[in-house]
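A quick write-up on the structure given underneath.
The values are calculated or read from the model by the stated rules, or taken from the named source; none is laboratory data. All of these numbers come straight from a predicted model, not from anything done at the bench. With ideal geometry, Cβ positions are generated from the backbone for all residues, glycine too; neighbour counts draw on all protein chains shown.
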């Protein structure tokens, strides 16, 4: 009986951790489907364009682009890095 109980508890913990990690991965990729914006020095947000075509995010610890999940919600960080505009 103890072996079955241990197995069920271990399975529940594994499923919970796996589900949490899968949700976190989906949450990060979720913002890629929204238009991306760049925050300017005066605090306004302008459209960034398409990554790889109009801009790149170079590896860094700052926020590169933002997105707006709904029209009435604030801008939320999406990609990390330094914004580099391509011409």
*Can you name every residue in region 36-51 that is part of a loop (DSSP other than H, G, I, E, B) and either surrounded by 12 or more Cβ atoms within 10 Å (Cβ to Cβ) or modelled with pLDDT under 90 (or both)?*
36, 48, 49
*When you scan region 27-69, how many residues do you find that are out of contact with any strand residue (DSSP E or B) (no Cβ under 9 Å at 6 or more places or on another chain) and on the phi > 0 side of the Ramachandran plot?*
2
*Kindly indicate whether any position in region 58-70 is surrounded by 11 or more Cβ atoms within 10 Å (Cβ to Cβ), part of a strand (DSSP E or B) and at pLDDT below 90.*
yes
